[in-house]
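The values are calculated or read from the model by the stated rules, or taken from the named source; none is laboratory data. Note that the coordinates shown come from a computational prediction; the quantities given were computed from them, not determined experimentally. For neighbour counting, all protein chains shown are included, and Cβ atoms are generated from backbone atoms with ideal geometry for every residue, glycine included. We work out accessible area using only protein heavy atoms, side chains counted, and drop any ligands, DNA or RNA first. Shrake-Rupley method; radii C 1.70, N 1.55, O 1.52, S 1.80 Å.
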Amino acid sequence: MKKLIFALALGFSLSGFAQESTTSTPVRKYSVATNPFWSNWFFQGGLEWNAWYSAAEHGNGLARSPFKSFRSNPGIGLAVGKWFTPELGLRTKLQGIWGKTVDPSRFGKDLSSPNKYWILSEQIMLNLNNLICGYDEDRVWNFIPFVGGGLGHSMSHGTYSMGLNVGAQSLWKLNDKLGIYVEAGWHRYENGIDGSNDFSRGKRGWDSHTNNLYAELGVNVNLGKSNWEKTPDIDAINALHQSELDALNSQLNDANAENDRLKKLLAEQKEVEQPAPVKEYVTTPVSVFFNIGKNKVANRRDLVSVEQIAKYAKDNDAKVLVEGYADSATGSAELNNRLSQERAEAVAAELEKLGVPSGNIMTKGHGGVSDLSPVSYNRRATVQISE
């Protein structure tokens, strides 16, 4: 029964040590827990600069710059989307409103005319930082390419067209709710969305369709929960538990060795018919043992011999020397120095309870030692009459 109580106490002690030494649960780098549907939504709004290119320009020797006044105009972009995982998301984006149709055959020297339009796209977004490096909720910058398709409408010319788009976004996180982004993209639509009706040139390559290039600067607002909880690494947790179990088995082995020592000591005490002469305490130290990392006496039976020394010290007004030790196999040197002194002072307190004046008791801590085997025998304090 005593062994069982000792093992349970040791188990609770080890459990507390494990909790102090383990600061966080091991997690998997590329795996997170699924969030509820209303988590990880976002809204984006920004200002654009867009430029239209079409087959009507082919063969006219026009400059290709997207900043030429005859083909570019400002615009706006609005989007709402959701991240289904840290790597994969979807968004619906609306863009417009001001564009320019470039068609020298229709507009002559003016080259272009206003073309009010809107483009509605559904896009797949891929966060490369989370895909390659794993999710990190403290990451500030993310690179997000996207691809999609949608419908465009020229309000100025009353035409509709289907098209595809591709682009990339650079997103900087300001906090869990707010970020800023820079985005660039390319829409490739069927001819007619820009109002141009000259399709006789450029039937292949770049000029075979109507193109819209844009650059956008905007604000990203996260709606609802925006972070992800990483899933625990079961293999790492099992390994940690196994190491704790091994440590517990080692402590139990020490406890069994201590029980065997106490049994032997008790048997030897039964064989002694009379108390040993008092003079034996003058030259022979008496040991009091402690559990690992503790400064309380492990077993009160160790104090039986201490009582004899206390009686001699009181009767003869003798000085008593108490020396504390720790085992050097565990703990730091600083911890062992403090622990050895505390063990010496704990035994000194027992002597005072037995009537020895505090002025007749001297204590000294020796830190960690490896004098005895098994290692548990080094966790002790010795008591003797000081000559």
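Couple of notes before you dig in:
- Qualifying positions in segment 353-387 - of a type in the set (D, E, K, R) and under 16 Å from S340 (Cβ atoms): K364, D371, R379, R380
- Residue check for W118: open to solvent by 20 Å² or more (accessible area, probe 1.4 Å), touching a His at 6+ places or on another chain (Cβ under 7 Å) and touching a residue at least 24 places away in the same chain (Cβ under 8 Å): yes
- Once segment 306-344 is narrowed to residues that are closer than 22 Å to D371 by Cα and without any contact (Cβ under 8 Å) to a residue 24 or more places away in the chain, the residue that is surrounded by the most Cβ atoms within 10 Å (Cβ to Cβ) is L335.
- The residue pairs whose first member lies in segment 212-233 and is more than 11 Å from V32 (Cα to Cα), whose second member is charged (D, E, K, R) and outside any strand (DSSP E or B), and whose beta carbons are closer than 6 Å, counting only pairs six or more residues apart or on different chains, are N222/K177; S226/D176.
Residue-by-condition table, conditions (1) out of contact with any helix residue (DSSP H, G or I) (no Cβ under 9 Å at 6 or more places or on another chain); (2) not charged (D, E, K, R):
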site: A298; (1), (2): no, yes
site: A310; (1), (2): no, yes
site: S332; (1), (2): yes, yes
site: L335; (1), (2): yes, yes
site: L372; (1), (2): no, yes
site: R380; (1), (2): no, no
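- Segment 288-305, residues that are loosely packed, with under 15 Cβ neighbours inside 10 Å and within 24 Å of L252 (Cα to Cα): K296, R300, R301
- Residue count, segment 350-371 (criterion: open to solvent by less than 40 Å² (accessible area, probe 1.4 Å) and in a helix (DSSP H, G or I)): 3
- So L94, is it under 37 Å from the mean Cα position of the chain (by Cα), modelled with pLDDT of 90 or more and at negative phi: no
- Candidates R139, R71, R106, filtered to the one that is modelled with pLDDT under 95, charged (D, E, K, R) and within 22 Å of L47 (Cβ to Cβ): R71
- Matching residues in segment 70-107 - criterion: being among the hydroxyl-bearing types (S, T, Y) and buried (at least 19 other Cβ atoms within 10 Å of the Cβ): S72, T101
- Residue match in segment 374-384 (condition: charged (D, E, K, R) and surrounded by fewer than 17 Cβ atoms within 10 Å (Cβ to Cβ)): no
- Within segment 274-303, being of a type in the set (A, V, I, L, M, F, W, C) and either within 16 Å of E258 (Cβ to Cβ) or at pLDDT below 85 (or both) holds for A276, V278, V282, V288, F289, F290, I292, V297, A298, L303.
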